[in-house]
Amino acid sequence: MSPRSASVNEELRRRSRERLLQATVELVGERGYEATTLADIADRAGSARGLVSYYFPGKRQLLQSAVHRHMHLRLAAALEREPRTDDGEERLARAIDAILGIARDQPTLMRTHMAGILTAEGFMQCPEQQRLAALLRDTVMRYGSADPDTDYPLLRALLMGAVVAVLLPGAPMPITRLRAELFQRYGLDWERGVPPDADPPADSSYRW
């Protein structure tokens, strides 16, 4: 039996890493961070425990990579859903709705992720984060930004702030309110993206 080629080995490693990332999203979303062990993640992914340490230096880094991959996949699906479009305003609206939608649908996962970013370890670069950043930067460019190197970090900061506001224990803000403020800032019509089954808040400053 001939040895596997380098390309086959690389593909197997990629799939193994992605199974670990997906298992992390599932388990942390179900149980929370503290109740999820690296052994649990390896077992859910069908991988050896040692592979987790091979790919990631620790659980916090694994979680950040897993959430960034999840966000990238959700964002990519939202941007490319039918009917596909190159309209910059529509794509930005879809991006905003996708990120707010993750906070709405998976609060435990996103609350854990945001809390981790605010620890001493902070925001860590990884391939998954870079892919997410590239997609958001492309969205800003298609929207018509003349300075994406400035406008992309601002959009990222606004989206992160909105996610925190949705998830703030004891004082969460309604997604419709946050959506209205973001859409107003970027001059987006309320009906773009995936509009909620509600009009803009009556007491907001949103204008059609």
Out of curiosity, is Leu188 part of a loop (DSSP other than H, G, I, E, B) and either modelled with pLDDT of 95 or more or touching an Asp or Glu at 6+ places or on another chain (Cβ under 7 Å) (or both)? yes
Please pick out the residue among Ala35, Ala23, Ala78, Ala42 that is at pLDDT 95 or above, under 30 Å from Val140 (Cα atoms) and either of a type outside the set (Asp, Glu) or not assigned by TED's automatic domain parsing to the domain that holds Cys126 (or both). Ala78
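Please pick out the residue among Leu178, Leu136, Leu188 that is in contact with a helix residue (DSSP H, G or I) (Cβ under 8 Å, 6 or more places away or on another chain) and closer than 19 Å to Leu73 by Cβ.
Values: Leu178 fails: closer than 19 Å to Leu73 by Cβ; Leu188 fails: closer than 19 Å to Leu73 by Cβ.
Going through Leu178, Leu136, Leu188 in turn, the sole match is Leu136.
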Do you know which residues across segment 125-152 are in a helix (DSSP H, G or I) and either touching a strand residue (DSSP E or B) at 6+ places or on another chain (Cβ under 8 Å) or of a type in the set (Asp, Glu) (or both)? Glu128, Asp138, Asp149, Asp151
Residues of segment 60-114 satisfying the condition of being over 15 Å from Ala23 (Cα atoms) and part of a loop (DSSP other than H, G, I, E, B): Arg81, Glu82, Pro83, Arg84, Thr85, Asp86, Asp87
Filter segment 110-140 down to the residues that are in contact (Cβ under 8 Å) with a residue 40 or more places away in the chain, within 30 Å of Thr85 (Cα to Cα), among the aliphatic types (A, V, I, L, M) and touching a Phe, Trp or Tyr at 6+ places or on another chain (Cβ under 9 Å) and list them by number. Leu136, Val140
Which condition from (1) surrounded by 13 or more Cβ atoms within 10 Å (Cβ to Cβ); (2) modelled with pLDDT of 95 or more is the one that Pro172 breaks? (2)
Suppose we filter segment 26-50 for residues that are within 19 Å of Thr112 (Cα to Cα) and in a loop (DSSP other than H, G, I, E, B); how many remain? 6
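Residue by residue, here is whether (1) in contact with a Lys or Arg (Cβ under 7 Å, 6 or more places away or on another chain); (2) under 29 Å from Arg185 (Cβ atoms); (3) surrounded by fewer than 22 Cβ atoms within 10 Å (Cβ to Cβ) holds:
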site: Gly46; (1), (2), (3): yes, no, yes
site: Ser53; (1), (2), (3): no, no, yes
site: His70; (1), (2), (3): no, yes, no
site: Asp87; (1), (2), (3): no, yes, yes
site: Gln125; (1), (2), (3): no, yes, yes
site: Gln129; (1), (2), (3): no, yes, yes
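The values are calculated or read from the model by the stated rules, or taken from the named source; none is laboratory data. All values derive from a computational prediction rather than experimental measurement. Note that we place each Cβ from the backbone using ideal geometry, even for glycine, and neighbour counts take in every protein chain shown.
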